[in-house]
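These notes concern the structure reproduced below.
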Amino acid sequence: MKSKKVLVVGGGGRCHAIVDSLSRSPQVEKIYCAPGNAGIAQQAECVRIGVEDVEALVEFSTKNAIDLTVVGPEASLAVGIVDRFTEKGLRIFGPTRAAAQIESSKEFAKRLMAKYHIPTAAYEAFDDFESAWAYVKARPLPAVIKYDGLAAGKGVVVAESYEDAENALRDMLLDESFGKGRVVVEDFLAGPEFSFMCVVSGEKVYPLAMAQDHKRAYEGDKGPNTGGMGAYSPVPFVTPEVEEFALERIMRPTAKAMVAEGVPFVGVLYGGLILTEEGPKVIEFNARFGDPETEVVLPRLMSDIYELFDAAIEGRECATEWSEEALLGVVLASEGYPAGYKKGVRLEGLESVEGTIYHMGTAEREGAVVTSGGRVLMVVGRGKTLGEAREKALADIAKISCEGLFYRSDIGHKVLD
Ligand code: AMP
Ligand code: GLY
């Protein structure tokens with residue numbers, strides 16, 4: 001019976017995909033989204049509350065008798081939204097601030113993995129420039145240098161030369177603009193990357209379908225790192241054996257480790273994994289749904305997502321069903337992204353698209369949809385194969401007026417081209 005009221009916190013493509021998935025639930029009657037965007041507004045009632053305004057969100061949930069709140073962005077987790085909702089007796093899907101450290105503190109994640117023998121690159125942590133530089137200088141290249149703290153994917157430098165490594169260490173440890181400096185230096189791992197998101201409830205782990213993101217801005221994996229320029233699911237090189245290893249040797253032990261450490265995790269544990277010659281290893285963990293991976297994973301979920309969220313909160317078993325279809329999504333981003341870009345550019349042709357569009361950074365202005373972020377839209381194609389899905393996504397993009405936008409036409413190239 002449709003009776004549940006849900007609040008989704010966030011306003012990007014990931015939240016649009018969560019809202020879209022919730023709209024297919026046989027239990028969900030009403031969806032609110034704070035703050036949402038122009039696309040989400042077609043499927044949910046958007047509420048003008050910011051993702052970090054926890055007190056206003058608590059008040060909204062209480063007043064509107066929300067049955068379940070689902071958290072999208074890490075920023076909300078970092079300000080303790082889950083702790084506060086729980087204190088107030090409100091039901092929320094996401095990790096506590098302490099559990100979200102698995103994303104917000106690289107060193108916390110690295111220590112946990114070392115202690116519980118979860119495969120990852122060897123590392124050292126530093127807070128002073130001299131010792132970090134001495135360590136890096138004595139090791140082979142490339143050097144992987146990570147700023148320890150929430151940096152939204154911007155705090156990682158894979159330095160191919162000692163000069164680049166030294167500059168990165170200077171930026172992170174001597175320049176105050178990054179904030180109080182601390183870095184993790186780790187061994188370089190080689191292999192294709194993939195994203196393995198699991199819904200986790202204490203020691204229980206419910207795996208979601210595999211996806212691969214494309215972090216670099218331009219075709220051929222060139223240019224600066226971004227939040228992600230496209231994604232696809234399933235991932236052909238993640239064989240059942242690789243998946244089994246990733247689940248049994250990485251995701252389950254990590255969930256157990258969090259319980260053992262006194263910070264049980266409830267929410268989406270995102271494993272950013274790399275398939276090395278020695279098997280999958282962890283590049284990073286995130287404490288939330290990935291963006292843009294969610295936009296190609298959740299549409300493949302055939303079972304009820306509300307049930308999955310609810311089961312995780314209650315610690316119940318929950319079986320999931322997945323479609324065999326292939327999905328591939330291409331991000332349309334504002335020219336200049338990930339650096340500065342223009343906002344307020346009118347988008348046209350959206351209604352002629354045949355596949356699915358998830359809005360990442362859009363707003364409504366005088367009845368028109370305009371750009372309001374770096375990543376603007378994710379156009380998702382689906383088909384029997386990833387090749388077919390990509391053709392459809394690109395054909396749909398051709399129908400959208402893209403002035404001031406750019407995209408990568410090679411999403412999926414690691415398995416398609
Ligand atoms: P992260 O923010 O930790 O996901 O890192 C961003 C990107 O840097 C990853 O997606 C990888 O492409 C790359 N990277 C991070 N750590 C390593 C590593 N140890 N070896 C190779 N590449 C890495
Ligand atoms: N797509 C990578 C992330 O969500 O962090």
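No lab work stands behind these numbers, since they all come straight from the coordinates. For clarity, every value in this text was computed on a predicted model and none was experimentally measured. Note: ideal-geometry Cβ built from the backbone for every residue, glycine included; neighbour counts use all protein chains shown.
Quick notes on this one:
- Measuring how big region 24-126 is from its alpha-carbon positions, Rg and Dmax come out at 17.0, 51 Å.
- Going by neighbour counts of Cβ atoms within 10 Å, the residues 116, 32 line up, fewest first, as 116, 32.
- Rg ratio for region 36-187: its Cα radius of gyration over 2.2 N^0.38 Å, N being its residue count, equals 1.33.
- Using θ = phi - 60° and Karplus 6.51 cos²θ - 1.76 cosθ + 1.60, couplings along region 231-240 (whole Hz; Gly, Pro as x): 7, 8, 8, x, 10, x, 6, 8, 6, x
- For the chain, calculated [θ]222 nm from helices alone, where every DSSP H run of n ≥ 4 adds -39500 (n - 2.57): -7500 deg cm²/dmol
- Among 159, 231, 100: highest mean-square fluctuation, GNM of the chain, C-alpha pairs under 10 Å: 159
- Rounded to the nearest whole Hz, the Karplus-based 3J(HN,Hα) values (6.51 cos²θ - 1.76 cosθ + 1.60, θ = phi - 60°) of region 9-26 follow the sequence 9, x, x, x, x, 4, 6, 4, 5, 5, 4, 4, 5, 5, 5, 8, 6, x, with x at glycine and proline.
- Overall dimensions of region 156-239 as given by Cα atoms, namely Rg and Dmax in Å: 16.9, 45
- Which of 316, 375, 382 has the fewest Cβ neighbours within 10 Å, and the rest in rising order: 316, 382, 375
- Anchor residue 256: lysines whose Cα lies under 30 Å away (excluding residues fewer than 8 positions away in-chain): 88, 106, 110, 115, 146, 154, 204, 215, 281
- Annotation: region 355-416 has a Kirkwood hydrodynamic radius of 12.7 angstrom, from the mean reciprocal C-alpha pair distance.
- Rg/Rh (Cα only; Kirkwood hydrodynamic radius) as it applies to region 280-336: 1.05
- Distant alpha-carbon pairs in region 315-376 (separation over 12 angstrom), percent: 75 percent
- Cα centroid separation, region 264-299 to region 48-70 (Å): 27 Å
- Potential lengthening between residue 2 and residue 187 on full extension [0.36 nm per residue; Cα-Cα distance subtracted]: 61.5 nm
- In sequence order, calculated HN-Hα J values of region 112-125 (Karplus, 6.51, -1.76, 1.60; Hz; x Gly/Pro): 4, 5, 5, 5, 9, 6, 8, x, 7, 6, 4, 8, 9, 10
- Note that the chain shows a convex hull volume over its alpha carbon atoms of 142 Å³ per residue.
- Residue exposure sequence - 359, 413, 117 - by fewest surrounding Cβ within 10 Å: 117, 413, 359
- Region 175-285 - Debye-derived log10 I(q)/I(0), Cα point model, q = 0.10, 0.15, 0.18, 0.23 Å⁻¹: -0.35, -0.76, -1.01, -1.28
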